[in-house]
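Before anything else, here's the structure in question.
The values are calculated or read from the model by the stated rules, or taken from the named source; none is laboratory data. A quick note: this is a predicted structure, and the numbers were derived from the prediction, not measured. Using ideal geometry, Cβ is built from the backbone for each residue, glycine included, and neighbour counts are taken over all protein chains shown.
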Amino acid sequence: MHLHVVGLGSIGSFLAHHLRRALPSEHSITLIHRTPSQAERTLISGNIIRVERDGVVVPSTGYKVDAFQDIPPNSRAPPYSKRNWGDQMSFNTPIHSLFVTTKAHHALTALRDLAPRLSPESTIVLFQNGMGIYEELSTHVFRNAEQRPHFILASNTHGTYTKGFHQVVHTGPGNIEFGIVPNPSRNFEANLSRPSASRVPNTLQLNDITNPEDPDFMRYKSLRDTVAVLLLLDSLHTKWRSISEMHIILRRKLVVNAVINPLTALMGCRNGDILSSPAAERLTSLICREAYLAFKEEFQADANNWFDDLQKQGENVDDIHASRLPTSLTQSALEKDVQRVAYATKGNISSMLSDVRLGRPTEIDWINGYLYKLGMKYDVWMPTNLSLINLVKLRSHIPLDQQL
């Protein structure tokens with residue numbers, strides 16, 4: 001099996017490290033860098049990723065390296081020596097399984113560049129803070145649904161930050177939850193609807209993705225292999241979820257990010273500092289209420305569409321009751337999520353604050369921006385989220401050295 005990782009910040013390096021330690025050496029892991037010179041730097045520095053936890057540093061090695069070869073003429077990237085590194089460095093090879101851990105706004109560009117190396121048999125795992133990335137990719141990069149790679153949506157709650165080149169500090173344990181984007185030609189969750197022989201609920205099964213006796217085995221092999229690899233990462237507490245569960249998990253995380261990221265970026269404070277202010281509590285309540293109202297309308301619209309489809313098929317819908325909005329997406333539940341995460345990560349600096357300090361684009365359009373667009377779609381007024389979007393963009397536009 002051959003895995004690729006693109007987006008070699010703290011999360012990407014952290015994930016690659018654990019993949020390398022979980023898999024035998026015959027399964028290769030390739031780190032995709034921005035430039036060939038960065039790829040070469042990885043090899044020159046020993047081809048090592050180091051992860052520190054509670055003062056203990058654990059190294060991993062044995063990676064291959066790759067890079068985007070199209071470098072702008074005015075790039076300040078250091079020169080690439082074109083030294084012969086053998087099979088440790090390879091460009092433009094086919095990609096079977098790709099873990100995308102870039103910032104949300106870089107994912108579209110990265111996958112557009114990598115698209116020629118992907119096929120309908122490939123699998124892409126998306127690790128991003130915001131939402132809407134898959135939809136953008138489907139609209140702008142992989143338009144043909146029949147030729148589209150398989151997609152897995154993943155959520156990570158492990159705390160990490162970069163200490164140096166391929167040096168990551170693991171600040172707090174969390175989990176990784178993931179679900180497979182549905183395919184109309186195959187039910188990846190078939191076992192959940194089968195009769196259970198015991199009181200224990202059925203679980204998701206790899207054989208529902210494919211098995212060696214499946215005539216279309218090669219079409220789904222990389223998807224099965226990628227799910228199997230994720231499940232091997234016991235130390236990261238990985239869990240395979242149904243796609244309906246993932247939609248809830250991703251929305252809960254989205255709201256947490258929609259509060260903590262912009263408030264800390266605007267105030268220049270650590271996550272826990274927003275717990276001590278009544279003003280922050282009021283803003284948290286407003287953001288969570290707007291999100292709750294948008295989610296409520298979204299779920300109702302989905303239920304109505306489901307009823308319409310059943311009626312078109314001649315089904316009697318009088319005795320069918322659509323599920324209500326999950327309690328975990330109510331305003332009070334979302335507020336508790338924000339308080340829990342802010343307290344658990346009280347000493348951390350949010351990714352959005354780091355981006356503002358470094359003069360980099362933020363993920364605000366994929367976090368609060370996603371909520372705002374969702375609200376507009378269902379005629380839900382989102383004034384707090386819109387204000388935060390504009391304030392963060394204003395904060396990013398003004399260099400920090402211009403502060404009085």
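Does HIS166 satisfy the criteria of being under 30 Å from GLY55 (Cβ atoms), touching a Pro at 6+ places or on another chain (Cβ under 7 Å) and not assigned by TED's automatic domain parsing to the domain that holds GLY375?
Here the answer is no, as HIS166 does not meet what is asked.
With (1) surrounded by fewer than 17 Cβ atoms within 10 Å (Cβ to Cβ); (2) within 23 Å of the chain's Cα centre (by Cα); (3) of a type outside the set (S, T, N, Q) as the list, and VAL169 as the residue in question, which single condition is left unmet?
Here VAL169 clears every test but (1).
Only one residue in ARG186, ARG194, ARG199 is assigned by TED's automatic domain parsing to the domain that holds HIS150, at pLDDT below 95 and touching an Asp or Glu at 6+ places or on another chain (Cβ under 9 Å), so which one is that?
The unique qualifying residue is ARG186.
Would you mind stating whether SER276 is of a type in the set (S, T, N, Q) and either under 20 Å from the mean Cα position of the chain (by Cα) or crowded, with 20+ Cβ neighbours inside 10 Å (or both)?
No: the conditions fail for SER276.
Taking the options LEU230, LEU250, LEU236, name whichever one is under 17 Å from the mean Cα position of the chain (by Cα), in the same structural domain as ASP337 (by TED's automatic domain parsing) and within 21 Å of ILE152 (Cα to Cα). Show your work before the answer.
Working: LEU230 fails: in the same structural domain as ASP337 (by TED's automatic domain parsing); LEU236 fails: in the same structural domain as ASP337 (by TED's automatic domain parsing).
Exactly one residue qualifies, and that residue is LEU250.
Then there is this: What is the one condition in (1) crowded, with 21+ Cβ neighbours inside 10 Å; (2) in contact with a helix residue (DSSP H, G or I) (Cβ under 6 Å, 6 or more places away or on another chain) that LEU233 does not satisfy?
The number of the failed condition is (1).
Looking only at the range 205-230, count every residue that is aliphatic (A, V, I, L, M) and buried (at least 19 other Cβ atoms within 10 Å of the Cβ) and tell me the total. Steps first, answer last, please.
Taking the range 205-230 first, the residues aliphatic (A, V, I, L, M) are 206, 209, 218, 223, 227-230.
From the residues that got through so far, the ones that are buried (at least 19 other Cβ atoms within 10 Å of the Cβ) too are 209, 223, 227, 229-230.
Of the residues in that region, 5 qualify.
Residues in the range 132-150 that are over 11 Å from SER97 (Cα atoms), touching a residue at least 40 places away in the same chain (Cβ under 8 Å) and in contact with a strand residue (DSSP E or B) (Cβ under 9 Å, 6 or more places away or on another chain): how many?
Of the residues in the range 132-150, 2 are over 11 Å from SER97 (Cα atoms), touching a residue at least 40 places away in the same chain (Cβ under 8 Å) and in contact with a strand residue (DSSP E or B) (Cβ under 9 Å, 6 or more places away or on another chain).
Could you list all residues from the range 128-150 that are farther than 18 Å from ILE248 by Cβ, among the hydrophobic types (A, V, I, L, M, F, W, C) and surrounded by 22 or more Cβ atoms within 10 Å (Cβ to Cβ)?
The initial filter retains those residues of the range 128-150 that are farther than 18 Å from ILE248 by Cβ, namely 136-150.
From what's left, among the hydrophobic types (A, V, I, L, M, F, W, C): 137, 141-142, 145.
Selection gives LEU137 alone.
If you check ARG219, ARG186, ARG241, which single one turns out to be under 30 Å from LYS336 (Cα atoms) and touching a residue at least 24 places away in the same chain (Cβ under 8 Å)?
Result of the check over ARG219, ARG186, ARG241: ARG241.
Next question, about the same structure. Being aliphatic (A, V, I, L, M), surrounded by 19 or more Cβ atoms within 10 Å (Cβ to Cβ) and touching a residue at least 24 places away in the same chain (Cβ under 8 Å) narrows it down to one residue among LEU192, LEU153; which is it?
Exactly one residue qualifies, and that residue is LEU153.
Give the residues of the range 193-238 that are within 20 Å of ASN183 (Cα to Cα) and polar (S, T, N, Q), sorted by residue number.
SER193, THR203, GLN205, ASN207, THR210, ASN211, SER222, THR226
Here is a follow-up. Any residue in the range 337-350 that's in the same structural domain as THR327 (by TED's automatic domain parsing) and over 14 Å from PRO173 (Cα atoms): show its pairings with residues that are among the hydroxyl-bearing types (Ser, Thr, Tyr) and at pLDDT 95 or above at Cβ separation under 7 Å, as long as the two are six or more apart or on different chains.
If the second residue must be among the hydroxyl-bearing types (Ser, Thr, Tyr) and at pLDDT 95 or above, the pairs left are VAL338/THR284; SER350/THR264.
Which of the residues that make up the range 340-358 are among the hydroxyl-bearing types (Ser, Thr, Tyr) and either over 19 Å from ARG252 (Cα atoms) or under 17 Å from the mean Cα position of the chain (by Cα) (or both)?
Selection gives SER350, SER351, SER354.
Please tell me if VAL256 is assigned by TED's automatic domain parsing to the domain that holds VAL356, in contact with an Asp or Glu (Cβ under 6 Å, 6 or more places away or on another chain) and buried (at least 16 other Cβ atoms within 10 Å of the Cβ).
On the way: assigned by TED's automatic domain parsing to the domain that holds VAL356: yes; in contact with an Asp or Glu (Cβ under 6 Å, 6 or more places away or on another chain): yes; buried (at least 16 other Cβ atoms within 10 Å of the Cβ): yes.
Yes.
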